[in-house]
1. In cubic angstrom, how much convex hull volume per residue do the alpha carbon atoms of the chain span?
2. When the accessible area of segment 19-63 is computed with all protein chains present and a 1.4 Å probe, what percentage of it is carbon and sulfur?
3. Taking the solvent-accessible surface of protein heavy atoms with a 1.4 Å probe, what is the per residue accessible area of the chain in Å²?
4. Could you list which residues have their amide H under 5 Å from that of R251, counting only those 5 or more apart in sequence or on another chain, with H placed in the peptide plane?
5. On a full-extension model of 0.36 nm per residue, what is the gain between R29 and V320, subtracting their alpha-carbon distance, rounded to one decimal in nm?
6. Leaving ligands, DNA and RNA out of it, report the carbon-plus-sulfur percent of the accessible area of segment 142-207 at a 1.4 Å probe.
7. Before rounding to the nearest 500, sum -39500 (n - 2.57) across all DSSP H runs of length at least 4 in the chain and divide by the residue total; then give [θ] at 222 nm in deg cm²/dmol.
8. Once phi is turned into ³J(HN,Hα) by the Karplus curve 6.51 cos²θ - 1.76 cosθ + 1.60 with θ = phi - 60°, what whole-Hz value does each residue of segment 352-361 show in order, with x for glycine and proline?
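The values are calculated or read from the model by the stated rules, or taken from the named source; none is laboratory data. Just so it is clear, the structure is predicted and the values come from calculations on it, not from any experiment. Note: ideal-geometry Cβ built from the backbone for every residue, glycine included; neighbour counts use all protein chains shown. Quick note on the areas: whole protein, heavy atoms, side chains included, nothing else; ligands and nucleic acids left out. Shrake-Rupley method; radii C 1.70, N 1.55, O 1.52, S 1.80 Å.
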Amino acid sequence: MTALPLFPVTTVGSWPRPPQVEEAQRAYRRQRIARKDFDRVADEAVVAFLRLQHELGLDIVTDGELRRDNFYSFVAQKLDGVRLMTLAEMLDVVEDKAGFERLLQTLDVPAYSISSPICTGALARREPLTVDDLRFARRHTDRPIKITLPGPYLLTRAMFVPELSRPVYQDKEALAEDVVALLRRELEELTSEGVDFVQIDEPVLTEVAFAPGRTRTFMCAALAARSDPAEELAFAVSLINRVVAGFTGTRIGLHVCRGNWSRDETTLLHGGYQALKGCFDRLAVTQLVLEYATDRAGDIVAFPDKELGLGVVNPRTDTVESAESIRSAVEYALCFYPASRLFLNPDCGFGTFSNRPMNSEAVAAAKVARIVEAARDLRAG
Ligand SMILES: [Zn+2]
C-alpha cells in the first residue's frame, strides 16, 4: 500500500456531474451519440475533477463516478444479461403489483426517473466495470487512486427480479455466485494494475438492520429480502467476504450509509452502527467508510481491527462545516481509533443520481477544502 500522511482525505461516492456530462449521458442512452463521443465528454470532466482534487489537496483521488448514471446502475452498460429498467417498467412485470406500488409511493422520486439494472439473462462481462477507469485516471494523476465498486449483496438484491431472472437463475443465491465471480475478477485486475484503495458500496445493509420488512429506503433494494434480518445480513457478509478473500495486499473499504437521495433528513434512515456491529466484526475488509456527520448515525462504534473512514461533512446541506468543527469531530473519534487508522471523508457522495445531485460542485468543493484544512491542522498538532 502507498504511504499516506496521517488523516488521509478522500471523497466517498459521486461528484456532481457537470451539465455537459449529464447531457451526453442522456444522448448516449437514446443512441443519439456514439460511445466515443460520450467518452470524450466524460474524459474531459474526469481530468477536470482530478485537477480540482489536486488543487484542493486530497490525498487519495477518485474519478468522481462521473461516467456513471448512478453508483450501481452503470453495470448494465458493461455486462451482458443485465437490462436497465425504470421502476415504472418494473411495475409491469412484478407479480405483486399492489405491494410494488405501495413501495413506489414511499419513495419521494417519480418511478420513471430512477433506473435499476435488472438481470434478464446469464451474466457475462462485456467490458471491465472499473479497470478502464483506473487506467484512465492513472494517466492523469500520480496520487493514490480509490476505485468504488457496488457490493455483491447490493447488486444481487437489486438485479434479481424473479419474473425476469428465473429463466437463468433459480434464486438470488444462484445469481450471487456469478456476481461474486465477476467482482473477484474485477478485484484481481484492479490489484494487478496497482489500485491503491477499493471501496465496496453496500448502503442497503442499514435498511436490513434497521427496518426489516417495513419501509424501503433504497430504490436499489426495492425487491424483497428475507424476513429474518440476521439471515439476510449473514448472506451479505458471506458474499462480501468471498469477494475480498485473498486480496490482503490492497486496502479494501466498505461504505455503508443510510441513503443519500433526499435533502429531507426525515425520509432517510435513523440508527447507529451498533445494529450492524456483529456484521461488521465478521467482515474481512481493511476499512469501514461510515457516515458520522449526521445525527442519524448515532455515536461512534469502535472496530479495533479496522480503519475508519470518518464522515465529517454532510453532503446534503448548503452550510459548509468549519475546519474547527471537523477537527473536534476527529478528536472525538480519536477516543475510539488511533490516529494511524483514521481517514477523513464526506459522509457519502455529493452527486448520487446524475439528474438529481445532492449538492452543487461549489459547495462540495468548499466542504472538501475544509476537511483538507482540518487534516493539515491535526497533522501539525
Ligand atoms: Zn453512501
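1. Spread over its residues, the Cα hull of the chain gives 124 Å³ apiece.
2. Working: 1130 of 2460 Å².
Reported share for carbon and sulfur atoms: 46 percent.
3. Values: 14710 Å² over 381 residues.
Per residue, the chain has an accessible area of 39 Å².
4. Those lying under 5 Å, H to H, from R251 are V198.
5. Details: separation 291, 0.36 × 291 = 104.76 nm, distance 3.49 nm.
Full-extension gain reported as 101.3 nm.
6. Details: 900 of 1940 Å².
After summing per-atom areas, the C and S share lands at 46 percent.
7. Values: 14 runs with 156 residues, N = 381.
Here the helix-only value at 222 nm equals -12500 deg cm²/dmol.
8. Once θ is set to phi - 60°, the couplings for segment 352-361 become 6, 8, 4, 8, 9, x, 7, 7, 7, 4 Hz.
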